[in-house]
1. Mind sorting Val39, Val335, Val160 by how few other Cβ atoms lie within 10 Å of their own Cβ, fewest first?
2. Quick one: what do you get for region 95-182 if you divide its Cα Rg by 2.2 N^0.38 Å?
3. Relative contact order of region 143-275, please, whole-number percent, based on alpha carbon pairs below 8 angstrom and at least 6 residues apart.
4. Please list, in chain and number order, the residues 5+ apart from Ser146 or on another chain whose amide H is under 5 Å from its amide H, with Hs placed from the backbone.
5. Whole-Hz Karplus ³J(HN,Hα) for region 282-296, in order, using 6.51 cos²θ - 1.76 cosθ + 1.60 and θ = phi - 60°, x for Gly and Pro?
6. Can you sort Tyr315, Tyr229 so the residue with the fewest Cβ neighbours within 10 Å comes first?
7. Using a/c under 1.5 as the rounded threshold, could you call region 281-384 rounded, prolate or oblate? The axes a ≥ b ≥ c are square roots of the C-alpha gyration tensor eigenvalues, and prolate needs a/b larger than b/c, oblate otherwise.
8. List Glu127, Glu276 from most exposed to least, where exposure is judged by having the fewest other Cβ atoms within 10 Å.
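Every number in this text was worked out from the coordinates using simple rules, so none of it is lab data. Owing to the predicted nature of the structure, the values given are computational and were not obtained by experimental measurement. Positions of Cβ are generated from backbone atoms using ideal geometry, with glycine treated the same way; all protein chains shown enter the neighbour counts.
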Amino acid sequence: MSSQPEHPALLIPGPIEFDDAVLQSMSHYSESHVGAPFVKAFGETLSMLRQLFQTTNPTSQPFVISGSGTLGWDQVAANLSEPGDEVLVLHTGYFADSFADCFETYGAKATQLRAPIGDRPQLDEVEKALTEKEYKILTVTHVDTSTGVLSEIQALSELVHRVSPNTLVVVDGVCSVGSEEIRFDDWGLDVVLTASQKGIGVPAGLSILMASGRAIERFKARKTRPTSYFASWKNWLPIMQNYEAKKPSYFATPSPQLIHALHTSLTQILSKPLDERFAAHRAASQKIKKAVADLGLKQLAMKPENQANGMTAIYLPDGITPPEVLPNLLKKGVVFAGGLHKEIATKYIRFGHMGVSVVDPNRGDIEKAIDALKNGLGEVGYNP
């Protein structure tokens, strides 16, 4: 039984439900951020991130900085692009618009390759774009939280390396790390950025990023200084290297309590093979998507290969809006999210299924949510 106060099951695409032990880690007594006990915990956390991202390359570098997932965009734009650089942003929803805006804030030129809502740019379209212009960076949102669209990272990275080998492959994994398979080394990725509050299962407040040796070298070879102070790898790279080597170091104060929570969560995640974790998320996702289909409802991501395993974006029946449905779900002890994509926000809801709600079978969150969805829709007059 959970020691947490009774509360509705939070089944949005992040923040997610948190394990008791993770929350208890947040109550760690105050300690020096340069003291030996914390330095040891932070160093172990950085090493465990290498296992989570599946990289053994010593030139790769994990970063954990206080901030939200959005800070990952700033790290990429400030450190890996320079004013005037061309960047190709693959668009599968709301968050590609934001990443493109971030690049332009730092003076880069962002070109978006768009797909229809619920779809993703096709490989031949990406290849055509890469042959028409020299791009310094290509970005892809692994799972767009606004649409639930899953991108094909391995094939995409292979394409980029073949067609435009100097282009860095940057993955926005905020809504995928911890619930979707990512093989950093095997897939030839240059950056994967994420946040603590989704598949990793830690309260919000940490920007987490893995950079390849190639990305670090690209940063070191820049002609201009990074145009952010707080996000600059000039400031953070030696800090992360020192912490992982168990040496105290300081640029800006980290959050010891959040680092302890991340240490606890990563220890739990890595206590079992990662393949088992990804399989559990696929199984839960298929159960949910079957239930959605059985209710006569459609997903934003129509094609099975485009459907994320950690969330499901569901079109509501005609004439029914999120404000009619979401309060009913809350009364049944379940919290879903409303629509986020600005063009169709009033037409759909989002069901997040990541972390302990999936991997802890004793919780029953998924079954409870499916029943609540069925009964909640019935109460507003929908009969499939």
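1. Val335, Val39, Val160
2. Against the compact-globule rule of thumb, the ratio is 1.05.
3. Taking the mean separation of contacting Cα pairs over the length of region 143-275, I get 17 percent.
4. Here the answer is Tyr94, Phe95, since their amide H atoms fall under 5 Å of that of Ser146.
5. For region 282-296, the Karplus-derived couplings read 5, 5, 5, 4, 5, 4, 5, 5, 5, 5, 4, 5, 5, 7, x Hz, x marking Gly and Pro.
6. Lowest count first: Tyr229, Tyr315.
7. oblate
8. The fewest-first ordering by Cβ neighbours comes to Glu276, Glu127.
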